[in-house]
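> After the structure tokens below, expect a handful of questions from me.
The values are calculated or read from the model by the stated rules, or taken from the named source; none is laboratory data. Quick caveat, the model's predicted, so the values are computed rather than measured. A quick note on method: Cβ atoms are made from the backbone with ideal geometry, for glycine too, and the neighbour counts reach across all protein chains shown.
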Amino acid sequence: MIHKMKLNEEPFEKIKNGTKDIEFRLNDEKRQKVKIGDQIEFSKLPELQEKILVDVLDLYNESSFENLFYKIYSDKDLAKKYAKAMHEYYSPENEKKYGVLGIKIKLVDNYFRYTYNKLVRDKIPENIDSEKGRKSKYKILNDDEFLKELNKKVIEEANEFAEENSIEELGDLMEVINTIMKIKGYKMDDVNIAMKKKVDKKGSFNNRIYLEYVDEKSRNLEEEKELKKEFRK
């Protein structure tokens, strides 16, 4: 059985590089299901995109973290120090309620999962699968899903272009825009007409004008709504 758990970056990296082989938790309802021989998939906080898989080799049950650490390290001062650190994550009340668990683990060497959940170019899975030790998992989107992901991709590529201002990143952004145009049935001539109408009404960006603020004598709810949009923050 594979159990799924979240893990902060520091202990996650220690397990990954082989310097941590025991994970300490409350022995709550979820942990009580863990058995020797099971596996645990840890997801690294906060993004949860990177994952590692470990085998469960042994389980250590105790009534408190101090008892557990003393059982493992045979040093009372060290046990008290580590127990105090654990109380930053788990309250003494829950410690008393559930007891604690030490999970002896071993990293499964051939399992490092990196979760993307995003739209990619057509040849990306093929390129990944052609590399030794790498295997992709993907699905084909329906029309509604495809347009939704394209809209997210515009923001992603625009941010990458804003970081570098390179022609390559501009090309990536234009590729996404061109795909959206195909999906929506927009023609370039129609886009140019829309652009011209906006220029005639509001102008272009040639004068490099940077609007600092607008003073008004009465509250403008439409203006407030516009300013609260996520992309403006």
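> Picking from Lys217, Lys196, Lys233, Lys225, which residue would you name as being out of contact with any Cys (no Cβ under 7 Å at 6 or more places or on another chain) and at pLDDT 95 or above?
Lys196
> Now for a separate question. Which one of Glu222, Glu157, Glu226, Glu168 is within 23 Å of the chain's Cα centre (by Cα), outside any loop (DSSP other than H, G, I, E, B) and acidic (Asp, Glu)?
Sole residue among the options that is within 23 Å of the chain's Cα centre (by Cα), outside any loop (DSSP other than H, G, I, E, B) and acidic (Asp, Glu): Glu157.
Residue-wise test of (1) surrounded by 13 or more Cβ atoms within 10 Å (Cβ to Cβ); (2) within 23 Å of Glu9 (Cα to Cα); (3) basic (Lys, Arg); (4) under 27 Å from the mean Cα position of the chain (by Cα).
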residue: Leu53; (1), (2), (3), (4): yes, yes, no, yes
residue: Ser74; (1), (2), (3), (4): no, no, no, no
residue: Ser91; (1), (2), (3), (4): no, yes, no, no
residue: Lys96; (1), (2), (3), (4): no, no, yes, no
residue: Val100; (1), (2), (3), (4): yes, yes, no, no
residue: Ile105; (1), (2), (3), (4): yes, yes, no, yes
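> Additional query: Could you go through the stretch 41-61 and let me know if any residue there is farther than 16 Å from Lys4 by Cα and hydroxyl-bearing (Ser, Thr, Tyr).
Going through the stretch 41-61, the residues farther than 16 Å from Lys4 by Cα turn out to be 57-61.
Still in the list and also hydroxyl-bearing (Ser, Thr, Tyr): 60.
Yes, the stretch 41-61 has at least one match.
> Could you figure out which of (1) assigned to a helix (DSSP H, G or I); (2) exposed (fewer than 10 other Cβ atoms within 10 Å of the Cβ) isn't true of Lys132?
Every listed condition holds for Lys132 apart from (1).
> I've got another one for you. Restricting attention to the stretch 148-176, report how many residues are hydrophobic (A, V, I, L, M, F, W, C) and in contact with a Leu (Cβ under 9 Å, 6 or more places away or on another chain).
5
> Could you pull out every one of the strands (runs of 3 or more DSSP E) wholly within the stretch 1-82 that has 1 or more residues that are aromatic (Phe, Trp, Tyr)?
Output list reads 22-26, 39-44, 50-62.
> Could you list, in sequence order, the residues of the stretch 135-149 that are closer than 21 Å to Asn178 by Cβ and outside any helix (DSSP H, G or I)? If you could, list the steps in order and put the result at the bottom.
So the first thing to find is which residues in the stretch 135-149 are closer than 21 Å to Asn178 by Cβ, and the list is 140-149.
If the condition is that a residue be closer than 21 Å to Asn178 by Cβ and outside any helix (DSSP H, G or I), then Ile140, Leu141, Asn142 are the ones that fit.
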